[in-house]
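The structure appears below as structure tokens.
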Amino acid sequence: MHAQQPSEPFMRRALALAEQARGRTSPNPMVGAVLVKDGRIVGEGYHRRAGEPHAEIEALRAAGEEARGATLYVTLEPCCHYGRTPPCTNALIAAGVAEVHMAMLDPNPRVAGKGRAALEAAGIRTTVGLCEDEARALNAAFIKWVTTGRPLVIAKFAMSLDGKIAAHTGDARWISGETSRIYAHHLRNEVDAILVGVQTVLADNPRLTTRLPNATDVRHPVRIVLDSRGRAPLDAEVFQPTLPGRTLVATTSAMPASHRAALEAQGVDVLVCPSVHGRVALPALLDELGKCEITSLLVEGGGTVLGSFFDAGLVDEVVAFIAPMVIGGEHAPQPVGGHGVARVADAWRLDDLRVERLGDDILVRGRVRHP
Ligand code: AOF
Ligand code: ZN
């Protein structure tokens, strides 16, 4: 049997609900659900965090008896597996829901169409694809991680109009303005991990924590320092045990055992990765991070690290802040080093472009097109 023509505003409401848990559900997706009867919402909910009830269950609880004969709008295909929680399909069937409109199928191989099939088998009418692009964008990190085992990689940098990330002396405070810097802390608040290279630790000595004015529920992503030989000093800010959250050094067998022991004694985790030309093999690192349920990784630079990620074709998204100033200097550092492409035709191009004014800066954000 075919379902009624679905109504977009209800799916948009479900998307807005899902969005409320941004940065809080990992490694699970953000999901919102709205139950509708006679054109009016009788229950709604969203998935708050991994281990807690799925969006559909929240909506069913809110609707109570009203769920019988109702239509569900949900941003992701209902699950049919026993994970941290029991299958939503069973609950929807038991509650007597008549129709289910899902924005997208669940890319999780344990679900992947089987949730929809279970609903159909129970006589529930279903559709897939209403607001699908928005739903995919919302859960880009979950989709990447659950289908490849690797986190979504977001490259971030702030540069002057002439493409410099510091003066030739190394001074970089501040290129981007305050609004951009707050935006960057919001990004940290949403991702599972952030990564910098050893040169950034040596030059800027960053703490890599999330600092947001007036925020109550701040999240500190795992801090990762890429340091293949163990050059970052033990007294670096990022290694101080007083910092909230966890710090990890990704290194190679070239790191002296004594340095590793000293880091671990300070509470820093050390991950020894395979090396390529003396550097940490990034694909192997991403595989390891994926195994630790890191679904999104913000690469904050510097130029050497971003160059390595781009050269390896591992960047999924770019967030660039452009400040209205000219720094100059042939030797002033640039945002993306490495080899780069040989032909402009092979440059990494961005799709789904978002361009915004942030104070006096310009934000350019987009998804990297993979050939
Ligand atoms: C849904 N609704 O709100 C979410 C879903 O360990 P569990 O039980 O939380 O299951 C996690 C998996 O369930 C996750 O990988 C994804 O496939 C799906 N997430 N499904 O129907 C929800 N969060
Ligand atoms: Zn579920």
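The values are calculated or read from the model by the stated rules, or taken from the named source; none is laboratory data. Computed from a predicted model, the values in this text were never measured in an experiment. Cβ: placed from backbone, ideal geometry, glycine included. Neighbour counts: every protein chain shown.
Among helices (runs of 4 or more DSSP H) lying entirely in segment 6-98, which contain 2 or more residues that are assigned by the TED database to the domain that holds Leu130 and touching a Ser or Thr at 6+ places or on another chain (Cβ under 7 Å)?
8-19
What do you reckon, is Arg365 at pLDDT 95 or above, under 19 Å from Ser180 (Cα atoms) and either in contact with a helix residue (DSSP H, G or I) (Cβ under 7 Å, 6 or more places away or on another chain) or in the same structural domain as Ala158 (by the TED database) (or both)?
yes
Kindly provide the set of residues from segment 85-117 that are touching a residue at least 40 places away in the same chain (Cβ under 8 Å) and more than 20 Å from Phe10 (Cβ to Cβ), ordered by number.
Passing the criteria: only Pro107.
Would you be able to tell me the number of residues in segment 130-186 that are of a type in the set (Phe, Trp, Tyr), closer than 19 Å to Arg24 by Cα and out of contact with any Gly (no Cβ under 8 Å at 6 or more places or on another chain)?
Qualifying residue count for the region: 2.
Can you report the number of residues in segment 173-202 which are more than 22 Å from Thr247 (Cα to Cα), under 21 Å from the mean Cα position of the chain (by Cα) and assigned to a loop (DSSP other than H, G, I, E, B)?
0
Results for (1) more than 13 Å from ligand 1 (Cβ to nearest atom); (2) buried (at least 17 other Cβ atoms within 10 Å of the Cβ); (3) farther than 18 Å from Gly129 by Cα, shown as yes or no for each residue.
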{"residue": "Pro9", "(1), (2), (3)": "yes, no, no"}
{"residue": "Val31", "(1), (2), (3)": "no, yes, no"}
{"residue": "Ala50", "(1), (2), (3)": "no, no, yes"}
{"residue": "Gly69", "(1), (2), (3)": "yes, no, yes"}
{"residue": "Leu76", "(1), (2), (3)": "no, yes, no"}
{"residue": "Glu99", "(1), (2), (3)": "yes, yes, no"}
{"residue": "Lys114", "(1), (2), (3)": "no, yes, no"}
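If I filter segment 203-232 down to residues being among the polar types (S, T, N, Q) and under 18 Å from the mean Cα position of the chain (by Cα), which single residue comes out as nearest to Met30 (Cα to Cα)?
Looking at the filtered set, the residue picked out is Thr210.
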